[in-house]
Amino acid sequence: MRVIRRISAVLIGFVFFLSGILKLMDPVGAKLVVEEYLKFLHLGFLLGISGLIGSGMALLETLLGAALITGVWRKVTAVVTGVLLGFFTLLTLLLYLKNPPMDCGCFGEAIHLTHLQSLLKNLVLLGLWALACFPLKKQEQTRRVKYVSFPIAAVSVCLFLLFSSLSIPLVDFTPFKPGAELMLPEDIDDPTDDRTPTLSLSDAAGNYVDEMLINGNLMVISVYEPEKISPARWEKIGTLVRECPPLGYTPMILAAATPAMMESLVSSPEILASTYFADRKKLLTLNRSNGGATYIDDGLIVKKWSVRRLPDHEKLMEVSGTDVTESLLSENNSDRIKLQAFLLYVFAVMLLL
């Protein structure tokens, strides 16, 4: 029975840890999921702190997973895990009954579950929790070394969250991931399908110019909250816009704003002349960084940068001189290896130390 209890706890821990890490890797995505939940629950007054809630819940989930895997503070961990699982189960039951057009967000953008699948997953986890934690009075003692491995894992997770907050996700699971090909809105059977990589943009006169996105070498800057871009960052964006044409790129700034709003925020004629307008949620999905850049070659998404690491002149030359397929493979493989190395390191600390 002791072995069954331990295996059950570790299984729950793995699910919690991976679910939390996938959301910590994409704090903006976690914020969007929380926004959907708050709207569904009619808690719109909390939308201003949806990002904090999303990151906080993901961090709690990840640390609980680490605690379950290492086996520290077993009684406290069991109670908190039970409360959290009970809350998630009731919430997914409500989603199943109401069937709103939203994703549960259990595993971020990596895995999408239906409301029924999400409910069944939580019921299975509740069953494992009962096997692992009942009776509470008979929890086994934890080896002392685990009280060393858990803090190391916890600090590593917090640093991972900090890194993710300052950059774009290491691995992109959105419909606009590198390697995806943009489609024109008129070529889509179901316009409401958020899993289709499509953007609808217009110029300052209100004319739709979607076909611009599938022709030529484009450097697209996503500005989904223009009012939050500082003057220094607008200057960086302006520098990128000026450097693009001589190197064969067409700069495009896609803003979730009105022409009047952009004119009130930006005085640079180069930026205003390159500005087009698109939906905020689509821009958030295209590039998680407000002011981040995306390189698109004839409709094929090749590479992304956060606003803190916009490509300079040398980087633009390097990308333009590299085969598109080679760029896709090298970038994707490099980032996936980094994520895999981090996960292997943390699991080694939790399981082997």
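Some notes on this structure:
- Some residue of region 155-169 being over 23 Å from Asn333 (Cα atoms), outside any strand (DSSP E or B) and either at pLDDT 90 or above or not assigned by TED's automatic domain parsing to the domain that holds Val28 (or both): yes
- Options Leu300, Leu344, Leu283, Leu272: the member that is closer than 21 Å to Val223 by Cβ, over 16 Å from the mean Cα position of the chain (by Cα) and modelled with pLDDT of 90 or more: Leu272
- Checked against the criterion of being modelled with pLDDT of 95 or more and farther than 25 Å from Ser156 by Cβ, the candidates Thr89, Thr81 yield just one match: Thr89.
- For region 22-45, filtering for residues that are among the hydrophobic types (A, V, I, L, M, F, W, C) and in contact with a Leu (Cβ under 7 Å, 6 or more places away or on another chain) leaves 5.
- Residue match in region 300-311 (condition: exposed (fewer than 13 other Cβ atoms within 10 Å of the Cβ) and either more than 30 Å from Ile7 (Cα to Cα) or among the hydroxyl-bearing types (Ser, Thr, Tyr) (or both)): no
- Ala205 being over 21 Å from Met102 (Cβ atoms) and part of a helix (DSSP H, G or I): no
- Of the residues Thr62, Thr89, the single one that is in a helix (DSSP H, G or I) and surrounded by 21 or more Cβ atoms within 10 Å (Cβ to Cβ) is Thr62.
- Residue, surrounded by the fewest Cβ atoms within 10 Å (Cβ to Cβ), within region 106-131, restricted to residues that are of a type in the set (A, V, I, L, M), within 17 Å of Leu90 (Cβ to Cβ) and touching a residue at least 24 places away in the same chain (Cβ under 8 Å): Leu123
- Test for Thr294: is it at pLDDT 95 or above, buried (at least 19 other Cβ atoms within 10 Å of the Cβ) and under 21 Å from Ala180 (Cα atoms): yes
- Filter result for Val34 (at pLDDT 95 or above, over 27 Å from Ile152 (Cβ atoms) and of a type in the set (A, V, I, L, M)): yes
- Qualifying residue in region 84-93 (condition: under 26 Å from Val148 (Cβ atoms) and either touching a residue at least 12 places away in the same chain (Cβ under 8 Å) or not hydroxyl-bearing (Ser, Thr, Tyr) (or both)): yes
- Per-region count, region 198-230, residues closer than 29 Å to Thr114 by Cβ and either modelled with pLDDT of 95 or more or of a type in the set (Gly, Ala, Ser) (or both): 2
- Hits in region 254-282 - residues which are buried (at least 20 other Cβ atoms within 10 Å of the Cβ), out of contact with any helix residue (DSSP H, G or I) (no Cβ under 6 Å at 6 or more places or on another chain) and small (Gly, Ala, Ser): Ala278
- Residue selected from region 171-197 under the condition modelled with pLDDT of 90 or more and within 18 Å of Tyr276 (Cβ to Cβ), by the criterion surrounded by the most Cβ atoms within 10 Å (Cβ to Cβ): Phe176
The values are calculated or read from the model by the stated rules, or taken from the named source; none is laboratory data. In this text the structure is predicted, and so the values were computed from the model without any measurement. Virtual Cβ from ideal backbone geometry, glycine too; neighbours counted across all protein chains shown.
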